[in-house]
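Notes follow once the structure below has been shown.
The values are calculated or read from the model by the stated rules, or taken from the named source; none is laboratory data. If you're wondering where the values come from, they're calculated on a predicted model, not measured in any experiment. Backbone-built Cβ (ideal geometry, glycine too); neighbour counts: all protein chains shown. Side chains included, ligands, DNA and RNA excluded: accessible areas come from the protein's heavy atoms. Shrake-Rupley method; radii C 1.70, N 1.55, O 1.52, S 1.80 Å.
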Amino acid sequence: MENSEFYLGIETSGRSGSIAICRPGQEIAPVSLQQQGRKHAQTLVSEVRKLLDQLEIAPQQIAGIGVSRGPGSFTGLRIGITFAKTFGYVTGAPVQGIDTFAAIALSCPTEISETHVISNAQRGDLFVGRYVRNSTGEWQQTVPIHLQDIHEFSSALQPGETVCGPGIDLLDQGSLPEIRIEDFPRQTLASQVAELTATLLQQETPPASEVWNLTPFYLRKSAAEEKWDAQHNQ
């Protein structure tokens, strides 16, 4: 491809992952990662190199790197963020952590202006965030991502509300006939991550690169960490 600004999106927060390279105004098909690509940095490196080669893009043409920061899989988030920071350090491209739920909201149809985004937090809980589309069409978080019991969340939904995200499979959709449930193609989520990254970095005053200080957004400790804390706080 001709020399231009390209943005790399990395999404490894779920059971399946994806990577994508986009150029503003041009959609480039994302590439799904195999299960091992979400768990092993070496595989992620080879998949990104392969995509760059296929598109005839040099690493130095990447103008920005966006990586899904969570909430999501502990291992997947660590691998994706470590790779993004390393790639950014080597190439000098700025790195941005992207709210995973904001990327999911971006996949909603244009007629939807508000949505809950949910994912599985395990142990009968959901990660829940609420997003509203502003006057420029961008999604803004109106309720911080938090933990909520699945049944408590379901019972609080109001007729006409929209819910999307990988946690929708945990809902008893048959008991929520007046709620709009939006499924989304998980394998394309890296495209939304790349798009949000381009939007951020093309602002008149873009945010500083997070290549040094970006960390995953877990919200809760892993089961192993909680077990360790319990054993050592007795």
Single unsatisfied condition, Ile62 versus (1) over 19 Å from Glu5 (Cα atoms); (2) of a type outside the set (Asp, Glu); (3) modelled with pLDDT of 95 or more; (4) out of contact with any Lys or Arg (no Cβ under 9 Å at 6 or more places or on another chain): (1)
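Any idea which of Thr115, Thr100 is out of contact with any Gly (no Cβ under 7 Å at 6 or more places or on another chain), of a type in the set (Val, Ile, Thr) and within 24 Å of Glu138 (Cα to Cα)?
When all the criteria are applied, what remains is Thr115.
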Strands (runs of 3 or more DSSP E) wholly inside the range 93-161 that include at least 3 residues being within 28 Å of Phe6 (Cα to Cα) and touching a residue at least 12 places away in the same chain (Cβ under 8 Å): 95-98, 125-133
Test: residue in the range 156-164 that is of a type in the set (D, E, K, R) and touching a Gly at 6+ places or on another chain (Cβ under 9 Å): no
Residue in the range 90-114 that is modelled with the highest pLDDT, counting only those that are open to solvent by less than 30 Å² (accessible area, probe 1.4 Å) and out of contact with any helix residue (DSSP H, G or I) (no Cβ under 9 Å at 6 or more places or on another chain): Phe101
The range 134-146 - residue that is surrounded by 14 or more Cβ atoms within 10 Å (Cβ to Cβ) and of a type in the set (A, V, I, L, M, F, W, C) and, of those, nearest to Ser113 (Cα to Cα): Trp139
Restricting the range 38-53 to residues that are within 14 Å of Ala84 (Cα to Cα), assigned to a helix (DSSP H, G or I) and not aliphatic (A, V, I, L, M), the residue that is modelled with the lowest pLDDT: Arg38
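A quick yes/no check of all residues on (1) surrounded by fewer than 23 Cβ atoms within 10 Å (Cβ to Cβ); (2) among the hydrophobic types (A, V, I, L, M, F, W, C); (3) part of a loop (DSSP other than H, G, I, E, B); (4) more than 15 Å from the chain's Cα centre (by Cα):
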{"residue": "Val67", "(1), (2), (3), (4)": "no, yes, no, no"}
{"residue": "Gly70", "(1), (2), (3), (4)": "no, no, yes, no"}
{"residue": "Thr75", "(1), (2), (3), (4)": "yes, no, no, no"}
{"residue": "Gly80", "(1), (2), (3), (4)": "no, no, no, no"}
{"residue": "Lys85", "(1), (2), (3), (4)": "yes, no, no, yes"}
{"residue": "Gly88", "(1), (2), (3), (4)": "no, no, no, yes"}
Matching residues in the range 195-223 - criterion: being outside any loop (DSSP other than H, G, I, E, B) and free of Cβ contacts under 8 Å to residues at least 24 places away in the same chain: none
Tally, over the range 176-188, of residues that are open to solvent by 70 Å² or more (accessible area, probe 1.4 Å) and either among the hydroxyl-bearing types (Ser, Thr, Tyr) or modelled with pLDDT of 90 or more (or both): 2
The range 170-194 - residue that is of a type in the set (A, V, I, L, M, F, W, C) and in a loop (DSSP other than H, G, I, E, B) and, of those, farthest from Ser32 (Cα to Cα): Leu176
